[in-house]
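This report concerns only the one structure given below.
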Amino acid sequence: MRFDPDKLRSEFPILSTHPGGRPLHYLDNAATAQLPRAVLDAVSRHETESRANVARGVHILAERASMAYEDARGAMARYLNAASPDEIAFTQGTTAAINIAAQGLGAGFKPGDEVVLSELEHHSNIVPWQLLRDRTGIVLRVLPVTDDGRIDLSALDRVLTKRCKLVALAHASNVTGAVTDVARVVEAARAVGARVLLDGAQAVPHGPIDVQALGIDLYALSGHKMFAPNGIGVLWGRQEVLAQMPPVFGGGGMIRHVTFDATTYADPPKRFEPGTPPIAQAVGLGAAARWIEALDRESVVAHELRLTGRMLNGLAGIAGTRIIGPTGLQARRGVVSFALEGVHPHDLCQWVNDRFGVALRGGHHCAEPLMRRFGLDGTSRASLAPYNTDADIDALLEGVADARRHLA
Ligand code: PLP
């Protein structure tokens, strides 16, 4: 069936609401994407028909809840092309997943071992490694960023040494939209015997990922950026990698046996899922993965690229704007950051919200090192989902031009 963004829009109840008394032009999808009816219904059905705790009871609701939770794990294993559902550990989101990876992998690191990051990382892929560094004496090395907002992979030769144990990079940037050339990173990492972790927060909403084809070791993602509820995400890891990682949080559900002398732990993924998990949220995530899989991916990608091109051209045509990121459409997502000379991003975002109903994000986007690289303390950012239309881009461009006339 032909992809029709207007029809798709109608699957998202919130998009036909009029917050502030005008149509909503939601262009803050990189922060959080909206929920389609398929996900809302799956969560609601679960809570009304199957609500119970998982893996603990034998009554009918406990069985239903456990099956639904494991079914969601299976859906995420398929979405990521994991070798087994056992490679899918549910977490609170990308931040939690990277923290678990840092503490888990870090247990095997020695002082002087190196972890390579990049200058465009989200704070979620910087601070967990700094916490680890401060505890263990590892060394963090940083790949620079090119003038067009990409990780400068020509620096790999210089930055990766034999002491490197892990390369941890964004799969796609939440500021510049640049997509990382993973094959090149994996080749360089393998050459020095290092593992590779990808922060997939901005890559997963755009369609299934093949972690096996990528050839990586760990992948972190958030449900709320891929049309699923808040409070759920995934740490995917190759089985042998997860098996080497000790648990980070202790509690019920992650153990084999407990005595006061010694406790033994469950195998992954349960080892990383202590306590009662966010069950309905996981069910919603599974439904979201299925919903994305059912989209006509080629048409969605073409649609988003066309709208991205319109944003880039339109913004370039407004005097005083500066795009922070690639200005072409190659290897980039529909995340467009820009600065407007003489206008603070918060003022611009407020202006287009109040007068044009355009939801943007303004600030440092949890990427302060990248802002410093470009000599800014923030940008305005528009980010797309398949339900965005030309009307959203028209409103954005009209709003930015208007803000320039009144605020610059
Ligand atoms: N990494 C990237 C690239 C992101 O864009 C985000 C969120 O904006 C995160 C990590 C953190 O995700 P969460 O807040 O869902 O844990």
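Each value in this text was obtained by applying a stated rule to the coordinates, not by laboratory testing. Since we're looking at a predicted model, the values are computed, not measured. Glycine gets a Cβ as well: all are built from the backbone with ideal geometry, and neighbour counts include every protein chain shown.
At-a-glance table
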| item | result |
| --- | --- |
| Alpha-carbon centroids, the range 203-281 and the range 347-379: separation in whole Å | 32 |
| Among Pro85, Pro247, Pro13, residue whose mean-square fluctuation peaks in a GNM of the chain (springs only between Cα atoms under 10 Å) | Pro13 |
| Whole-Å distance, taken between Cα centres, linking the range 16-57 and the range 291-319 | 24 |
| Selection of trypsin sites (Lys or Arg not before Pro), the range 142-180, meeting DSSP coil and at most 11 other Cβ within 10 Å | Lys162 |
| Lysines whose Cα lies under 28 Å from that of Lys270, excluding same-chain neighbours fewer than 8 positions away | Lys110, Lys165, Lys225 |
| Spatial separation of Cα centroids for the range 87-126 and the range 59-84, in angstrom | 25 |
| Viscosity 1.002 mPa s, 20 °C: Kirkwood-radius Stokes-Einstein D of the range 41-293 over Cα pairs, µm²/s | 115 |
| Extension gain, Val258 back to Asp296 (0.36 nm per residue minus Cα-Cα distance, nm) | 8.8 nm |
| Of all DSSP beta bridges in the range 41-293, antiparallel share, percent nearest 5 | 45 |
| Distance (nanometres) between label positions extended 7 Å along Cα→Cβ at Arg405 and Ile14 | 3.1 |
| Relative contact order of the chain, pairs being alpha-carbon contacts under 8 Å that are 6 or more residues apart, as % | 23 |
| Estimated Rh, the range 250-365: Kirkwood, alpha-carbon pairs, angstrom | 18.9 |
| Neighbour-limited loop hits for chymotrypsin sites (Phe, Trp or Tyr not before Pro), the range 244-300 (at most 14 other Cβ within 10 Å; DSSP other than H, G, I, E, B) | Phe249, Phe260 |
| Simple spin-label estimate for Asp394 and Arg372 in nanometres, 7 Å along Cα-Cβ | 4.4 |
| Estimated inter-spin distance, His59 and Asp41, nm [label 7 Å along Cα→Cβ] | 2.9 |
| Estimated 222 nm signal from helices in the chain, with DSSP H stretches of n ≥ 4 weighted -39500 (n - 2.57), rounded to 500 | -11500 deg cm²/dmol |
| Cα-based convex hull, the range 348-408, per residue volume (Å³, whole number) | 93 |
